[in-house]
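Before any comments, here is the structure.
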Amino acid sequence: MLKVQGLEVFYGDSQVLFGLDLAVGAGEAVTLLGRNGMGKTTSVRAIMGLVPPRAGSVRFEGRDIAGLAPFRIARAGLGLVPEGRQIFPNLTVRENLTATARAPSGAEAAWNLERVLTLFPTLHERLSAMGDQLSGGEQQMLAIARALMTNPKLLILDEATEGLAPLVRAEIWHTLETLKAAGLAILVIDKNVAALARFADRHTIIEKGRAVWHGTSAELTDDPSLSERYLGV
């Protein structure tokens, strides 16, 4: 579904990504792992068209989307839950959910207001609340629900549970399991390696802008040296 090959990204004269390769298959959950500052968020931003790649390709369902405007990439079927949530603080929960909603492009069951509120009952009780009146956990639920309202074929989450209370983190992981079981492809960044290993099919570790390891959850958990070398503080 998503295939990134040889991706190179610069900020000014500083190169951040060096030939990154990454792939997500239909219905698959894949993670992008690495320490802070290694290029994970830049990878997501490049995939979503928020920073232009200098070289390489980003193909989605066979179409090269590298360099397209972000709204065109979103329309192609990629939904982003950005780091820091970035919900609209001066809009209500209902307005956040409906402002960027779009119908599905195929015959799949639509994500609409009723369906996302069933997934996140807490938001149903907060429909009239402004975005900046929500807790951090509620904002993350809203960010995921807002992305689902665009009816994506691939959901990308940057720091899925960062800064959330343990009970809220557990709810987010349960939600992602539900979405995966429904057949949605997911690319996720998070620091909770144990939770990611239970949830995801495959993993890519990035170090200084390069993919240094690809493998399954079993391979990740069976080799503790990977965490020591690439994921530890």
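Values computed for the structure shown
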{"read-out": "Other-chain or far-sequence residues with amide H under 5 Å of residue 31's (modelled H)", "value": "188, 202, 203, 204"}
{"read-out": "For residue 150, distant residues with modelled amide H under 5 Å away", "value": "102"}
{"read-out": "Segment 190-207 and segment 41-119: distance between their alpha carbon centers, rounded to Å", "value": "22"}
{"read-out": "Built amide H within the under 5 Å cut-off of residue 16, gap 5+", "value": "9, 10, 11"}
{"read-out": "Between helix 166-181 and the chain: long-axis angle, C-alpha atoms, 0 to 90°, nearest 10", "value": "80"}
{"read-out": "For the chain, built as a Gaussian network whose Cα springs stay under 10 Å, the top-fluctuating residue of 83, 125, 61", "value": "125"}
{"read-out": "Whole-Hz couplings from phi, Karplus 6.51/-1.76/1.60, listed for segment 41-52; x for Gly and Pro", "value": "5, 4, 4, 5, 4, 5, 4, 8, x, 7, 9, x"}
{"read-out": "Net charge of neighbours whose Cβ lies under 12 Å from the Cβ of residue 88, counting Lys and Arg as +1 and Asp and Glu as -1", "value": "+1"}
{"read-out": "Residue-count net charge about residue 51 - beta-carbon cut-off 12 Å; Lys, Arg +1, Asp, Glu -1", "value": "+1"}
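Rule-based calculations on the coordinates, nothing more; no lab input. If you're wondering where the values come from, they're calculated on a predicted model, not measured in any experiment. Positions of Cβ are backbone-derived with ideal geometry, glycine not excepted, and every protein chain shown enters the neighbour counts.
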